[in-house]
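Below is one structure, written out as structure tokens, with a few remarks after it.
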Amino acid sequence: MAKPVPFSRRQVLLGVLIGILSSLAFLTSFTVYLGEVRALINRIRGKGQLNSTSTRAAPKEVAGFYPYWNLSTVAELDLTNLSTVYYFAVHLKRDGSFNDNDPGISGLNSDNGKLLKEKVLQNGARWGVTIVNLSANSITRNINNPARQQSIVDNTIKLMKQEGFTALNIDFEYVGRPDHTRKKSFTTLIQNLTDSVHREIPGSTVSFDAFADSAKKPRIFDMESLGQILDHVIVMGYDFHPLASKIAGPVAPLTGKERYGYDVTTSVGDYLSKVPAPKLLLGVPFYGYDWPTERDEKGSVVISSSQGPKVSSYGRSVETAEKNNCSINFDDESKSVWFSYFDKQHHTWRQVWFENQKSLGLKFDLVNQTNLGGIAIFALGYDGKDAKSLWDEVKLKLKTP
């Protein structure tokens, strides 16, 4: 056995001092975050939207989106922790009908699509569908025409009855110019669609996917009215740094609005001023982004590369870090995780930002502390085979024993 190396008194004192300073740095960062959450809670209580009873009194909604492009992994899917699974997605055309050639439709009718439905129902979860329209022009045409509005309602009811869906999720991502007439027309469509689904499919639920900043920048979304009409409003608490970002950064920063301009905590606070807390679901990402960057330092500039930016699922992110012997860093500023690695094949640095057990757990804490209705995960199938730690955190923080 090797002989222990003796340390001088000065070395011992220096080590103790470094330990104390490191602890103080962590406590300072954590205290700042707690201060932000307490301020948010006090702000909401002042408006009468948050009572002081236990935040774990009622079970939380744990919804998840299962995209058609992940259907190849459906056999290994574990749905035991989910209360609603939305099949993602079927796309609307300009005339208010669904595109029969859409890969979402063909996926739904495939063997794996049928297996997904079977597994959802076997696990006692609600079987839902997302209808999508991502074109501002198409959305405008559909909502401004009463006949097309009715076509959307009729075709949606027909699809839900045909496939046995009992939950509808609406993903109309309008990014055009705000307009009072369009806002009113959009609210009318949501009212008619929600009323019709509730009437035609007893016990059904209707939700809407809203941008993280839509309570602050409403565009055509009257969030107060939508909050009264819908069963749930899903706040898409991700893509703060999108795939096309010029800077590598957190996809879902819990804090850090001073640096990033906006964050999840601020978004939740804005929504709580317009939508009742139990109707709000926080959308959380089970994915991140992998960008080619100029340097290996945090927040580096994204550069052009033959291997451009790409989506990096939780499973792929962890695998990439292990393959390149990278330490995963926890960013105190955003409460997210990241790492950099050198891509030898393309001779460039790359930087990955994603969410893990620790960062997601802090978001779940926010859900509990503000009495939100639950979470919505994007996307199932991105978690990978080694995501037990993520689901353990879901069970620990959101599932009532």
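Just so you know, all these numbers are worked out from the coordinates, no wet-lab data involved. Everything numeric here is computed off the predicted structure, so don't read it as measured data. Here the Cβ is made from the backbone with ideal geometry for all residues, glycine too, and neighbour counts use every protein chain on show.
For a paramagnetic label modelled on Val301 (point 7 Å from Cα along Cα→Cβ), amide N atoms under 18 Å away belong, within segment 318-354, to 348-351.
Look at the dipole of the chain built from charges on Cβ: of Gly113, Phe221, Phe186, the Cα furthest out on the positive end belongs to Phe221.
Past 18 Å, Cα to Cα: identify those pairs from Lys246/Lys335; Lys323/Lys385; Lys298/Lys323; Lys257/Lys279, in the order given. Provide the component values of the computation, followed by the final result.
Details: Lys246/Lys335 21 Å; Lys323/Lys385 16 Å; Lys298/Lys323 20 Å; Lys257/Lys279 25 Å.
Long pairs (Cα-Cα over 18 Å): Lys246/Lys335; Lys298/Lys323; Lys257/Lys279.
With loop defined by DSSP as not H, G, I, E or B, and exposure as at most 16 other Cβ atoms within 10 Å, which is the longest segment of the chain clear of exposed GluC sites (Glu not before Pro)?
Values: sites that count: Glu173, Glu294, Glu297.
Of all site-free stretches, the longest is 1-172.
Here the extension length gained between Ser72 and His180 equals 34.5 nm, from 0.36 nm per residue of separation less the Cα-Cα distance.
What does the net charge come to around Gln307 if you take all other residues with beta carbon closer than 12 Å to its beta carbon, with K and R at +1 and D and E at -1?
Values: positive: Lys310, Lys344, Arg350; negative: Asp290, Asp343.
Here the count lands on +1.
Structural size metrics of segment 66-166, computed from C-alpha coordinates, are Rg and Dmax of 14.5, 44 Å.
Can you pull the Rg over Rh of segment 154-313, Cα-only, Kirkwood? Working shown, then result.
Numbers: Rg = 18.3 Å, Rh = 17.5 Å.
Reported Rg/Rh (Cα atoms, Kirkwood Rh): 1.04.
Determine the dipole magnitude for segment 165-232: charges of +1 sit on the beta-carbon of Lys and Arg, -1 on that of Asp and Glu, nothing else is charged, the reference point is the Cα centre, and the result goes in debye to the nearest 20. Mind showing how you got there, number by number?
Values: 8 positive and 10 negative charges, 66 e Å.
Value, rounded to 20: 320 debye.
Computed over the alpha-carbon atoms, segment 231-270 gives an Rg to Rh ratio of 1.01, Rh here being the Kirkwood radius from the mean inverse distance.
Summing Cβ point charges (Lys, Arg +1; Asp, Glu -1) relative to the Cα centre of segment 85-172 gives a dipole of roughly 140 debye.
Quote to one decimal, in nm, the extra length available between Gln228 and Ser106 on full extension: 0.36 nm per residue of separation minus the C-alpha distance between them. Working shown, then result.
Working: separation 122, 0.36 × 122 = 43.92 nm, distance 3.44 nm.
Result for the pair: 40.5 nm of gain on full extension.
For segment 255-401, the equivalent ellipsoid derived from the Cα gyration tensor has semi-axes of 30, 18, 12 Å, listed largest first.
Does a label point 7 Å from the Cα of Ile328, set along Cα-to-beta-carbon, have any residues of segment 378-401 with amide nitrogen under 18 Å, and which are they? Label zone hits: 378-397.
Percentage of Cα-Cα pair distances in the chain greater than 40 Å, rounded to whole percent? Spell out each step's value before the answer.
On the way: 15396 of 80200 pairs.
More than 40 Å apart: 19 percent of the Cα pairs in the chain.
Exposure proxy shown here: for Trp349, Trp291, Trp69, Trp338, the number of other Cβ atoms within 10 Å sets the order, fewest to most, as Trp69, Trp349, Trp338, Trp291. Segment Ile247..Phe342, full-extension length gain: 32.5 nm, with 0.36 nm per residue of separation and the alpha-carbon distance subtracted.
Put in line by how crowded their Cβ is, counting other Cβ atoms within 10 Å and starting with the fewest, His232, His180 read His180, His232. By the count of neighbouring beta-carbon atoms within 10 Å, fewest first, Arg199, Arg148 end up ordered Arg199, Arg148.
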